[in-house]
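The values are calculated or read from the model by the stated rules, or taken from the named source; none is laboratory data. Since we're looking at a predicted model, the values are computed, not measured. Glycine gets a Cβ as well: all are built from the backbone with ideal geometry, and neighbour counts include every protein chain shown. What goes into the accessible areas is simple: the full protein's heavy atoms, side chains included, and nothing from ligands, DNA or RNA. Shrake-Rupley method; radii C 1.70, N 1.55, O 1.52, S 1.80 Å.
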Amino acid sequence: MLVAPSILSANFGALAKDVEAICEGGCDLVHVDVMDGHFVPNLTIGPVVVESVAEASTKPLDIHLMVENNTFFVDLFAPLKPGFISFHIEEEKHPHRLVQKIRSLGIRPAVVLNPHTPPEAIEFLLEDIDMVLLMSVNPGFGGQKFIPSVIEKAKRLKALIEKRNPACLIEVDGGVNDVNVKELEAAGVDVVVAGSYVYKHPEGVAKAIASLK
Ligand code: DX5
Ligand code: ZN
């Protein structure tokens, strides 16, 4: 299992230190939640802060856009050379065009599905993307309860991926812990995002990451 801790649950007063801790603790990606206060009822960070995150990180950034104007934000974050940029399918009129744009910038494109969105919605995008992110909470906040229907969705998505693009990864985001990670793995999930589980673990971030792996 690949692990992408979400820095949303980090201490923003000591962000560089908290990014270094997850990188030294064995994470695979650093998950960065970008919220605009419109697509979701919360506001997080822009390129000035994410630039500092990129400097502190030894792992690729996994930028999760929760915004209304995806193209604008892709242009804003592209100079930081993240590993992945993901955008919500619910908020994009021309997802195929945006996928091509992200790819042309040398970044791996990923698409995000909210809890209600069926995997079939992106069947004909699968050949062109490197990862699908399934939300297991409603986007906007860390520390929410895991929505179990994501397990069935991951299984259905896995079948579509086997048919269309077996190299495409499945990532799950929201309420992930050391218990539900086992079910996620069995459903074919490759990457888990975990914010509060990692940063609030009583034995520290390295132990938390190891337990998810
Ligand atoms: C929610 C974000 C998540 C969040 C996960 O909108 O996309 O990445 O930080 O936090 P936990 O793991 O605490 O649910
Ligand atoms: Zn996220």
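Working out 0.36 nm times the residue gap between PHE124 and ASN11, then minus their Cα-Cα distance, what length gain in nm do you get to one decimal?
Difference between extended and current length: 36.7 nm.
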Taking 25 Å as R0, compute the FRET efficiency from the Cβ-Cβ separation of GLU20 and ASN177 and round it to 0.05.
0.60
In deg cm²/dmol, rounded to the nearest 500, the helical mean residue ellipticity at 222 nm of the chain, built from -39500 (n - 2.57) for every DSSP H run of length 4 or more, is -9500 deg cm²/dmol
Do you know the relative contact order of segment 140-203, to the nearest whole percent, from alpha carbon pairs under 8 angstrom that are 6+ apart?
40 percent
Calculate, for LEU2 and LYS81, the FRET efficiency according to 1/(1 + (r/R0)^6) with r their C-beta to C-beta distance and R0 25 Å; round to the nearest 0.05.
0.80
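How high is the relative contact order of segment 2-212, in percent, with contacts defined as C-alpha pairs under 8 Å that are six or more residues apart?
Relative contact order of segment 2-212: 21 percent.
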So for segment 1-92, averaging the separation of alpha carbon pairs under 8 Å that are six or more residues apart and normalising by length, what relative contact order in percent results?
27 percent
Just the number, please: carbon plus sulfur as a percent of the accessible area of segment 2-212, 1.4 Å probe, no ligands or DNA/RNA counted.
54 percent
Rounded to the nearest whole Å², what accessible area per residue is found for segment 55-103 with the 1.4 Å probe?
46 Å²
What is the antiparallel percent of DSSP beta bridges lying wholly in the chain, to the nearest 5?
5 percent
Which value in nm describes the separation of the simple spin-label points at LEU105 and GLU68, placed 7 Å from the Cα toward the beta carbon?
2.0 nm
Rounded to whole angstrom, the alpha-carbon centroid of segment 169-198 lies from that of segment 63-105 at a distance of 23 Å
In segment 2-212, lysine pairs with alpha-carbon atoms under 22 angstrom apart (chain gap of 8 or more, or interchain)
21
Just by accessible area at a 1.4 angstrom probe, what is the order of LEU80, LEU61 from largest to smallest?
LEU80, LEU61
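Kindly sort ASP33, ASP190 by accessible area of their heavy atoms, largest first, with the probe set to 1.4 Å.
On the way: ASP33 15, ASP190 45 Å².
Ranked from most to least accessible, the order is ASP190, ASP33.
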Rounded to the nearest 0.05, what FRET efficiency is calculated for GLU55 and ALA159 with R0 set to 30 Å and r the Cβ-Cβ distance?
0.15
